[in-house]
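Below you'll find the structure, written out as structure tokens, and then a few comments.
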Amino acid sequence: MTPLAAVASGPRAQLFACSLRLGTQQISLLQLHTRSSLAAKNHYEVLVLGGGSGGISMAARMKRRVGAENVAIVEPSERHFYQPIWTLVGAGAKQLAASGRPTVSVIPSGVEWIKARVVELNPNKNCVHTDSGKEISYKYLIIALGIQLDYEKIKGLPEGFDHPKIGSNYSVKTVEKTWKALQDFKEGNAIFTFPNTPVKCAGAPQKIMYLSEAYFQKTGKRSKANIIFNTSLGTIFGVKKYAAALQEIIQERNLTVNYKQNLIEVRADRQEAVFENLDKPGETQVISYEMLHVTPPMSSPDVLKTSPVADAAGWVDVDKETLQHKKYPNVFGIGDCTNLPTSKTAAAVAAQSGILDRTISLVMKNQKPMKKYDGYTSCPLVTGYNRVILAEFDYNAQPLETFPFDQSRERLTMYLMKADLMPFLYWNMMLRGYWGGPAFLRKVFHLGMS
Ligand code: FAD
Ligand code: UQ1
């Protein structure tokens, strides 16, 4: 059956096909599960995979479109985290506890939470399988599985995190270790890394460097610190306007940036980091550290890598303007797990959620998706404990700024927006499906000119 025919033949046929394979053993496994899973059906009009930023935002929007009882979210984690604040947690400016809430509290009321991990997608049969042995069918599928952290691809990790002087803002397990390493710093190299893979929030690996520098200044240790950013990339930032501003800061604050340097091993017992030179295969350099911040290699979630919905690199293969899957018209993707050619951020997810909402509403009415995503993404580049450069840009790496002032300048107002306004907006508006990004504000501030 073609994917289109599968949609046309309706959910009942799919439900039948899927229920046949749901044996008594699987039912009893389900019964051991959570209260929400006990009541769970096997078919939903809209099924959302992943209960992170994109998954919860879209579930809230879909609830308004089709009713809560017709929407379910598959998500294994008990806690939902606002990851962007981890940059400040790693620098001791915010508490980790404030970054998380119980998942149950962010699931839109009435929407089913299937507390399980997706282990297989079968878009030809409009079904997914979970690790609890369940098969769930859908009419429309939204994939929001995020990006996978691959610490184990670096020799010596993750076990190296058991040693002091090393941390990583990218994981809830290691972000407080960054703050500990900063506080314990005495004298020597403070090294910050950027891996040779796509990452989420490409600014975060260097934000913690600027914060560390500011911390060393504040505590009188700056003269004892040799601050090094070893990046796999060939530039400091992908948008010229902000790259120029960052270069100035790097020079002013006497930071060392080494390009095309990829972290391949951590000898945490000896406080040594090993880098390969990407321009000279086989050439490695060992640097000892007094503090190391690791940004891990990342990749598409394993469940997607081998799935029919993925492109050759493993990302969900969607149309870059509508977010509809290129091959399966009843499948959609949002956020870090997609191959949208823009920087992977929550700000991008916000903008995408508004577009995807419109796309799905038209597909539901058998109409052609109209609204076009321009690639909007944003990265608040925290350059100190009270300043931020607010980078905002589109698919063409052209600035797409909200405010009527030069956002490449460091500003206290933008720091306050990042540290205090954004978390409020995230928990209270975005996750409730009421924040589709700042495009409307941009129009107001620019008097309809952009
Ligand atoms: P996520 O929010 O990561 O959600 C993915 C969900 O899928 C998770 O809940 C996960 O448990 C679930 N999942 C995974 N596998 C499975 C499976 N097999 N079955 C079921 N569920 C599964 N963005 C900004 O806009 N601004 C910032 O300043 C910023 N700073 C950041 C700083 C740091 C240190 C980090 C780590 C991120 C930062 N981000 C920032 C990025 C932002 O957090 C992500 O881009 C955003 O959360 C992506 O949303 P998502 O829904 O695609 O993925
Ligand atoms: C944004 O929309 C967003 O998503 C909630 C973020 O993630 C935390 C951001 O960091 C930013 C900067 C935006 C953009 C919002 C404005 C008001 C410029």
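The values are calculated or read from the model by the stated rules, or taken from the named source; none is laboratory data. For clarity, every value in this text was computed on a predicted model and none was experimentally measured. Ideal geometry is used to build each Cβ from the backbone, glycine not excepted, and the neighbour counts take in all protein chains shown. The protein model used for the area step is the full one, side chains on, heavy atoms only, and it has no ligands, DNA or RNA in it. Shrake-Rupley method; radii C 1.70, N 1.55, O 1.52, S 1.80 Å.
When we screen ASN262, ASN226 for residues that are of a type in the set (S, T, N, Q), over 27 Å from GLN398 (Cα atoms), under 25 Å from the mean Cα position of the chain (by Cα) and assigned to a strand (DSSP E or B), the only hit is ASN262. The set of residues from segment 89-118 being touching a helix residue (DSSP H, G or I) at 6+ places or on another chain (Cβ under 6 Å), more than 24 Å from ALA60 (Cα to Cα) and open to solvent by 30 Å² or more (accessible area, probe 1.4 Å) comprises GLY92, LYS94.
Of all residues in segment 91-105, count the ones that are of a type outside the set (D, E, K, R) and within 23 Å of GLY54 (Cβ to Cβ).
8
Which ones in segment 150-173 are touching a strand residue (DSSP E or B) at 6+ places or on another chain (Cβ under 8 Å), open to solvent by 50 Å² or more (accessible area, probe 1.4 Å) and not basic (Lys, Arg)? Result: VAL172, single match. Only one entry in TYR426, TYR415, TYR385 is in contact with a strand residue (DSSP E or B) (Cβ under 8 Å, 6 or more places away or on another chain) and within 16 Å of ligand 1 (Cβ to nearest atom), namely TYR415. Restricting the first member to segment 142-159 and to residues that are closer than 30 Å to LEU323 by Cα, and the second to residues that are β-branched (Val, Ile, Thr) and surrounded by fewer than 21 Cβ atoms within 10 Å (Cβ to Cβ), the beta-carbon pairs closer than 8 Å and six or more apart or on different chains are ASP150/THR197. Residues in segment 218-259 that are hydroxyl-bearing (Ser, Thr, Tyr), surrounded by fewer than 19 Cβ atoms within 10 Å (Cβ to Cβ) and closer than 20 Å to VAL388 by Cα: THR235 only. If you go through segment 400-413 one residue at a time, do you hit one that is aliphatic (A, V, I, L, M) and open to solvent by 50 Å² or more (accessible area, probe 1.4 Å)? Yes, some residue in segment 400-413 is aliphatic (A, V, I, L, M) and open to solvent by 50 Å² or more (accessible area, probe 1.4 Å). LEU416 falls short of the stated requirement of being of a type outside the set (Phe, Trp, Tyr) and buried (at least 20 other Cβ atoms within 10 Å of the Cβ).
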